[in-house]
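Here the structure is laid out as structure tokens; the discussion comes afterwards.
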Amino acid sequence: MSLSRFALDGAQALIVLLAMAAVPLAPPAKGRMLVVPVGGGDEAAAVRAAREAGALILGSGPLPRSTIVEGARGPMLAAAWRAGMVALAAPQGGCGEVRS
């Protein structure tokens with residue numbers, strides 16, 4: 001097997017592994033999501049954008065400046081794009097304390 005063929009096989013295997021690792025992080029169609037500002041964004045802007053997208057703010061997340069919200073993925077992803085944040089899956093047992 002040539003070196004270029006070996007490199008191509010390795011690259012394809014890496015893409016598959018990265019895709020498999022990313023699937024559990026994909027936000028649900030509707031439910032709990034972890035909203036994380038990136039690129040210098042602040043938590044207040046993330047909270048405002050989530051509220052404007054119709055999400056319910058549940059509390060602080062486990063990552064710095066992150067927030068746990070409950071809402072619909074479509075509006076949240078659009079809000080995330082505009083506000084410089086990412087929305088990830090937030091499993092019930094693994095994300096921060098929920099505020100009352």
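Before moving on, here are some points about what is shown:
- Scanning region 49-88 for residues that are among the β-branched types (Val, Ile, Thr) and either open to solvent by 50 Å² or more (accessible area, probe 1.4 Å) or closer than 10 Å to LEU34 by Cβ (or both) returns THR67, ILE68, VAL69, VAL86.
- LEU63 on the phi < 0 side of the Ramachandran plot, over 16 Å from the mean Cα position of the chain (by Cα) and either assigned to a loop (DSSP other than H, G, I, E, B) or without any contact (Cβ under 8 Å) to a residue 12 or more places away in the chain (or both): no
The values are calculated or read from the model by the stated rules, or taken from the named source; none is laboratory data. What you are looking at is a predicted structure, and each value in this text was computed from that prediction instead of being measured. Don't worry about glycine lacking a Cβ; one is built from the backbone with ideal geometry, like all the others, and counts go over all protein chains shown. Protein only, heavy atoms only, side chains kept; ligands, DNA and RNA dropped before computing areas. Shrake-Rupley method; radii C 1.70, N 1.55, O 1.52, S 1.80 Å.
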